[in-house]
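Take a look at the structure below.
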Amino acid sequence: MFDPYVYPGTDVLKNILNIKDKKTLDDAEADYVSLRLREVAEKPLPGNYNIEHLSKMHRYIFQDLYEWAGEFRTINIEKEEPALGGLSVEYSDKAKIERDLSNALAKMTSRPWTNLSLEDKVKCFSEDLAAVWKVHAFREGNTRVAVTFCCQFIEAQGIPMNWTIFEQHSAYVRTALVAYSAVFHDLGDLSKKEYLERIVKDAFQNAAAYISGNPL
Ligand SMILES: Nc1ncnc2c1ncn2[C@@H]1O[C@H](COP(=O)(O)OP(=O)(O)OP(=O)(O)O)[C@@H](O)[C@H]1O
Ligand SMILES: [Mg+2]
């Protein structure tokens, strides 16, 4: 499939730094993005946890790398997943990004978070994070932005969460999101929710240690 985001004949995303080697770009991206993520963690971007807020966060975090930071992708995407035997999650069609995201965020922002039991918080947060993530609104960087955005939303509700564990276990989180989202139009519902729910529960339960400055 033609991908206007990459340098022709490569799988390297066109970037502001003009880097044409994938490994060099991955390294530069990791450095810039972790710096920006730290800034956002210390000083959350103002907003109402709507579509504009999510776009603003993506723009901020990826501003050093991509011209299109903060803009929704203009192509459909597929990513082969070893955890799905090479199948891709069925990410939102490019024409439905805005609608799907708007539905996911409306659901997340309308829940009675502070009245939920731990078990319900875990179930609802996992469902909402996975829904935002499954849209994959941007050409790249969806996992980092979705996790940061949803965790900051929870903290804005006054609910503590140790979200450093999502960063420390980022490969696990991505695979858990894939497993959660394995629902296919032809093969049906093959999803496994327990992996994501397990780490989300840890993030809620270890919040006290995190706040006391002693993350586990
Ligand atoms: N929550 C996070 N905080 C910090 N770094 C993360 C986080 N999640 C993933 N990473 C790191 O970002 C890099 C890219 O990860 P990955 O490609 O899985 O996610 P993404 O680019 O954010 O999303 P996607 O490729 O699905 O659009 C990896 O090096 C990974 O370790
Ligand atoms: Mg990526």
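Just so you know, all these numbers are worked out from the coordinates, no wet-lab data involved. What you see is a predicted model, and the numbers here were worked out from it, not measured in a lab. As a convention, Cβ positions derive from the backbone with ideal geometry for all residues, glycine included, and neighbour counts pool all protein chains shown.
Take the convex hull of the alpha carbons in the chain; its mean projected area over all directions comes to 12.2 nm². Available extension along the chain between ASP31 and ILE16 is 3.9 nm, counting 0.36 nm per residue and deducting the alpha carbon span.
Sequence-distant or interchain residues sharing an amide H contact under 5 Å with VAL6, placed H: which? When sequence neighbours closer than 5 places are left aside, the close amide H contacts are LYS14. Each of the peptides 4-10, 158-164 was scored by the mean count of other Cβ atoms within 10 Å over its residues; in descending order, highest first, they stand as 158-164, 4-10.
I want to verify a result. In a Gaussian network model of the chain, Cα cutoff 10 Å, which of these has the top mean-square fluctuation: HIS136, HIS53, HIS185? Of HIS136, HIS53, HIS185, the most mobile in the Gaussian network model is HIS185. For the residue pairs LYS96/LYS123; LYS121/LYS192; LYS56/LYS193; LYS14/LYS79; LYS123/LYS193; LYS23/LYS94, alpha carbon separations beyond 20 Å are given by LYS96/LYS123; LYS56/LYS193; LYS23/LYS94.
Put the Cα centre of region 79-137 next to the Cα centre of region 155-208 and the gap is 10 Å. The angle between the Cα long axis of helix 194-205 and the longest principal axis of the Cα atoms of the chain comes to about 60 degrees, rounded to the nearest 10. Computed from Cα atoms, the angle from the helix 142-156 axis to the main principal axis of the chain rounds to 30 degrees. Modelled label positions at TYR7 and ARG111, each set 7 Å beyond Cα in the direction of Cβ, lie 4.3 nm from each other. With r as the distance between the Cβ atoms of ALA95 and ALA156 and R0 = 22 Å, compute the FRET efficiency 1/(1 + (r/R0)^6) and round to 0.05. About 0.10, to the nearest 0.05.
Rounded to the nearest 10 degrees, the inclination of helix 51-62 to the longest alpha-carbon principal axis of the chain is 60 degrees.
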